[in-house]
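Have a look at the structure below, then the notes.
The values are calculated or read from the model by the stated rules, or taken from the named source; none is laboratory data. Only a predicted model underlies this, so the values are computations on that prediction, with no experimental measurement involved. Ideal geometry is used to build each Cβ from the backbone, glycine not excepted, and the neighbour counts take in all protein chains shown.
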């Protein structure tokens, strides 16, 4: 008979490591570039991130605390999402720093100019979405208690795709070797052709 581990999150999980982010996984990475008022670029990865809507294209990242990415996006009204790939994994990880530095420089990443917004994108990333902020939402508990957790939603107003990722006009997801966040302190997953299976919706 199957044994179940049940817990109520408010009372603790009773395990060596919180399983929540290992269960809801792998999660796409919001590798977000922003620009501060003084012109300093900021680049940081967020694992609470996803595409939220087709038309208009909306995507959002959620930050634990009012960090530079949120503050810059709020002040400038824009940000850029950059696709994190296996080739860029170590550089992406190097940008996960709380220090007040230009993370592009720290990680040895070249900047590329955007077309619609002022914020630069990661030159080596094969896909980037230039976004205008549509909402910044402070998250709350079920009782309505405000959390220091901020959901930044942006509308993609310009999209860059490396030509090599298109085949007969169709974007090839696995070709970019995108990476996603797993659970624990260090788990990541790569999307590749071996992981592909196809299943059409009924009807």
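When 72, 93, 50 are checked against the criterion of being in a strand (DSSP E or B) and either over 13 Å from residue 153 (Cα atoms) or without any contact (Cβ under 8 Å) to a residue 60 or more places away in the chain (or both), a single residue qualifies: 50. When the criteria are applied in full, residue 66 fails the requirement of being part of a strand (DSSP E or B), in contact (Cβ under 8 Å) with a residue 12 or more places away in the chain and under 17 Å from the mean Cα position of the chain (by Cα). Within the option set 21, 42, being in contact with a helix residue (DSSP H, G or I) (Cβ under 9 Å, 6 or more places away or on another chain) and either in a strand (DSSP E or B) or farther than 17 Å from residue 158 by Cα (or both) holds for one residue only, 42. The set of residues from the range 147-171 being in contact with a strand residue (DSSP E or B) (Cβ under 8 Å, 6 or more places away or on another chain) and either touching a residue at least 60 places away in the same chain (Cβ under 8 Å) or farther than 21 Å from residue 58 by Cα (or both) comprises 147, 148, 149, 150, 151, 152, 153, 154, 155, 156, 159, 165.
If the condition is being part of a loop (DSSP other than H, G, I, E, B) and either buried (at least 22 other Cβ atoms within 10 Å of the Cβ) or modelled with pLDDT under 95 (or both), then the range 121-132 contributes only 125. Of all the criteria given as (1) within 12 Å of the chain's Cα centre (by Cα); (2) within 23 Å of residue 184 (Cα to Cα); (3) in contact (Cβ under 8 Å) with a residue 40 or more places away in the chain, the one not satisfied by residue 86 is (1).
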